[in-house]
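The values are calculated or read from the model by the stated rules, or taken from the named source; none is laboratory data. From a predicted model like this one, the values you see are computed outputs, not experimental measurements. Glycine gets a Cβ as well: all are built from the backbone with ideal geometry, and neighbour counts include every protein chain shown.
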Amino acid sequence: MDDGSPLPGSVNIQSICGPLRRTMAHASGEGGFSFQWANTTSAFGDASQNGRIPSAGGAASLTGSRNGSRGLDPLSNCDLLADYPGYSSSKVSLYNRAGQDNFDVGVIVLHQIAAGEGHTVSVLALQAPKDAKKSYEKGESLAAANKPAEALASFETAVTIYPQYADAWLGIGKIQWQMGQRDDAGAAFTKAMSLDSQMVGPWQELGFLACDESKWEDAVRYLDQAVKLDPMNSAIPWYFNALANYNLGRYEQAERSVRAELKLDRGTNPHADFLLGLVLIARQDPEGGAEALRNYIAAAPASPDVATAKKELSRLENQLGGQPGVPR
């Protein structure tokens, strides 16, 4: 629990692979769980898709590309989360886990949803006609199989049948962005948001799009709302919220957001340490900045930004009196 309280009851541990969601185990009263993941390849086939993950690209523009092939990893689009009514959950990616006989997925964190917080699936979806739901679900499956043109056609069929289908409009926007149709994607995200302002996804995507265009004020506005609606949904909105605030010179807010990102991602995005280092340096904390840069260099030694990080670390170590760090 994010507040340190005991678990509220019997918590389900669920997997989400593209559109397929199923319960894998139940957590003990102390939170422990384990299960055997069998026949993943036959169950999910090629679940590869373009992963929407952050990638650093320099001190002032760490957005990089959020699209990158994950190859034929059958678990590339799979996450674990906890499920309990009235609570939201952090997620653990199973990317790069396929083929391992034994592994520890780490900690999943539950957060009690407060009044005014949002949801990841629109309540309007409950009113969708059967044919619209079928087209939407087909679109989700095709998107997970990296068939964007076919997925887009299915999502468009869903909104033709049921124009209020906010989830399908969100799906349209994601595919359009993937296909390079940025203006159309923004319009689709805005449509989804106008239909259901409590759905988290449109706020997130509009924030990501604004970051990609270096529209930092817009990015903060959208992403502040995204993390307010669901602070546990994903680490990525916290990362880009921190990035936008950093570029606006709002270093206190940037530090708060990047630390929230680090709490959720638990080491899966080493660029968060790079960003934290830059934020702490800007906040006149050279010791903290140096530690964060060392963490980044150790976690991502092959990253193209390591040379920049080492140069900055060398300057900090000289400033701090030559404290030992990563060999240069």
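A few points about this structure:
- Extreme residue, surrounded by the most Cβ atoms within 10 Å (Cβ to Cβ), among residues of the range 138-163 that are closer than 19 Å to Leu195 by Cα and either among the aromatic types (Phe, Trp, Tyr) or at pLDDT below 95 (or both): Phe155
- Residue check, Asp273 crowded, with 16+ Cβ neighbours inside 10 Å and modelled with pLDDT under 90: no
- Checked against the criterion of being farther than 27 Å from Gln284 by Cα, free of Cβ contacts under 8 Å to residues at least 24 places away in the same chain and crowded, with 16+ Cβ neighbours inside 10 Å, the candidates Ala226, Ala188 yield just one match: Ala188.
- Candidates are the residues of the range 13-55 that are among the polar types (S, T, N, Q) and modelled with pLDDT under 50; the one that is farthest from Lys174 (Cα to Cα) is Asn39.
- Within the range 1-34, the only residue that satisfies the criterion of being in contact (Cβ under 8 Å) with a residue 24 or more places away in the chain, loosely packed, with under 12 Cβ neighbours inside 10 Å and within 30 Å of Ser135 (Cα to Cα) is Thr23.
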